[in-house]
Amino acid sequence: MNIETTTARILLVDDQTANLTSLAGILKPLQVEVDTARSGPEALAKLLRAEYALVFLDVQMPEMDGFEVAELMRGSMKTRDIPIIFVTALNTEQKYVFRGYETGAVDYLFKPLEPIIVRSKANVFLQLAEKNRQLAAKNRELDKIVGELTETRDALRVANRQLADMALRDGLTGLANRRRFDQVLSGEWTRAIRDGSELSLAMIDIDYFKLYNDAYGHQQGDVCLRRVARALENALKRSTDLLARYGGEEFVAIMPLTDREGARAIGEALRFQVEDMGLVHRMSLIADVVTVSIGLTTIRPQSLSIASADATYVGQAPARFVATADSALYQAKENGRNRVVILDSRMEEV
């Protein structure tokens, strides 16, 4: 940590030029910058414009005496901490000395001045000022470091959030991935049990996607997956719904607070949106464009304590719920593809 050095400055305040010249000569061996002022107002103006390590302030001056100058200095944020040494030819009665200390003096010098004493006292405050300056510089440097560390910490937090989001996103389509789907399904399942609400699930498969890849190549196959993902997103409009890539050419949609008829309507909208985008698929056995088959199921999840004794009842775990939707998808494909099939909890087509 580099601490810059600077020459200390002392301000001498006296209405007599001879006194200023004499005191400046005494301080010359200390190798400091010396400024002078011949009145209180001039001194205050200079104190506001520059930084001073020490002020030698004459007590007796016309217009504004040293005590008044000191009181005004102590009233200003910029000058209140500057050490003041009063210089006076007045007697040393305690009442005068006490008034000086009350107005903020750190020391007194009595005329005629003794050079060794003047330099000794000045040197003490110069050293203190230098230590304070170095401390202030260190604090500024530390503040800068803290600021940089804070920025780095914030950047890392953003990066970590982005990484966490990436870990839950499918790299090709940008949709939620299988891991995110599992998390959301578990949460929605628990919420549906708590609220006594219905939950619907759609399993979606691109029809004859292997033939599409074989005919157009895997690069174009990736384009197809991305376009299907966007079409499904456009059909699934509610912010509470989740669309995820389940794997390969399969997608899955979680639809909270959705009954069977609502799920059917959404399923048909998903199917239509994909077919309507008109992505050519010459190798499809059912259409000239890309289509999807969809399996749906709806349930009102129950806790184990109130679940039906019927072992075929779906509601014991989310995995069985997914299995039902997958069975519905299988039937949709067996029944000719490009269609929606809904199975109830007993695996019967309705």
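The values are calculated or read from the model by the stated rules, or taken from the named source; none is laboratory data. Computed from a predicted structure; not experimentally measured. Every residue, glycine among them, receives a Cβ derived from its backbone with ideal geometry; neighbour counts consider all protein chains shown.
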Verdict on A24 being among the small types (G, A, S) and under 52 Å from the mean Cα position of the chain (by Cα): no
Selection count where residues are part of a helix (DSSP H, G or I), of a type in the set (A, V, I, L, M) and surrounded by fewer than 20 Cβ atoms within 10 Å (Cβ to Cβ), scope the range 170-191: 1
Unique residue being under 34 Å from the mean Cα position of the chain (by Cα) and modelled with pLDDT of 95 or more when the list is R238, R226: R226
Candidate set from the range 337-350 (those that are surrounded by fewer than 22 Cβ atoms within 10 Å (Cβ to Cβ) and in contact with a Phe, Trp or Tyr (Cβ under 9 Å, 6 or more places away or on another chain)); member that is modelled with the highest pLDDT: R337
Selection count, the range 160-205, where residues are over 29 Å from the mean Cα position of the chain (by Cα) and over 14 Å from A319 (Cα atoms): 10
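Every residue, every condition in (1) surrounded by fewer than 14 Cβ atoms within 10 Å (Cβ to Cβ); (2) closer than 15 Å to E198 by Cα; (3) at pLDDT below 95, yes or no:
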{"residue": "G248", "(1), (2), (3)": "yes, no, yes"}
{"residue": "F251", "(1), (2), (3)": "no, no, no"}
{"residue": "V290", "(1), (2), (3)": "no, no, no"}
{"residue": "S293", "(1), (2), (3)": "no, no, no"}
{"residue": "T312", "(1), (2), (3)": "yes, no, yes"}
{"residue": "N335", "(1), (2), (3)": "yes, no, no"}
Only one of A159, A129 that is small (G, A, S) and under 30 Å from L242 (Cβ atoms): A159
Qualifying residue in the range 80-99 (condition: in contact (Cβ under 8 Å) with a residue 12 or more places away in the chain, hydroxyl-bearing (S, T, Y) and farther than 24 Å from L44 by Cα): yes
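Any idea which of A129, A215 is buried (at least 18 other Cβ atoms within 10 Å of the Cβ) and farther than 30 Å from I342 by Cα?
Values: A215 fails: buried (at least 18 other Cβ atoms within 10 Å of the Cβ).
That would be A129, the only listed residue that is buried (at least 18 other Cβ atoms within 10 Å of the Cβ) and farther than 30 Å from I342 by Cα.
Taking the condition at pLDDT below 90 and touching a helix residue (DSSP H, G or I) at 6+ places or on another chain (Cβ under 9 Å), does A105 pass?
Values: at pLDDT below 90: yes; touching a helix residue (DSSP H, G or I) at 6+ places or on another chain (Cβ under 9 Å): yes.
Taking the combined requirement at face value, the residue satisfies it.
Looking at the range 105-136 only, could you name the residues that are among the hydrophobic types (A, V, I, L, M, F, W, C) and under 16 Å from R9 (Cα atoms)? Show your work before the answer.
As a first pass, look at the range 105-136 and keep what is among the hydrophobic types (A, V, I, L, M, F, W, C): 105-106, 109-110, 113, 116-118, 122, 124-126, 128-129, 135-136.
If the condition is that a residue be among the hydrophobic types (A, V, I, L, M, F, W, C) and under 16 Å from R9 (Cα atoms), then V118, A122, V124, F125, L126, L128, A129 are the ones that fit.
Residue-wise test of (1) on the phi > 0 side of the Ramachandran plot; (2) charged (D, E, K, R); (3) in the same structural domain as D182 (by TED's automatic domain parsing); (4) in contact (Cβ under 8 Å) with a residue 60 or more places away in the chain.
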site	(1), (2), (3), (4)
Q219	no, no, yes, no
V223	no, no, yes, no
A253	no, no, yes, no
G262	no, no, yes, yes
E268	no, yes, yes, yes
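Quick check on L23: is it under 23 Å from Q127 (Cα atoms), touching a strand residue (DSSP E or B) at 6+ places or on another chain (Cβ under 6 Å) and at pLDDT below 90? Please lay out each step first, then the result.
On the way: under 23 Å from Q127 (Cα atoms): yes; touching a strand residue (DSSP E or B) at 6+ places or on another chain (Cβ under 6 Å): yes; at pLDDT below 90: no.
Against the criterion (under 23 Å from Q127 (Cα atoms), touching a strand residue (DSSP E or B) at 6+ places or on another chain (Cβ under 6 Å) and at pLDDT below 90), L23 does not qualify.
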Any hit, the range 134-151, residues being surrounded by 11 or more Cβ atoms within 10 Å (Cβ to Cβ) and outside any helix (DSSP H, G or I): no
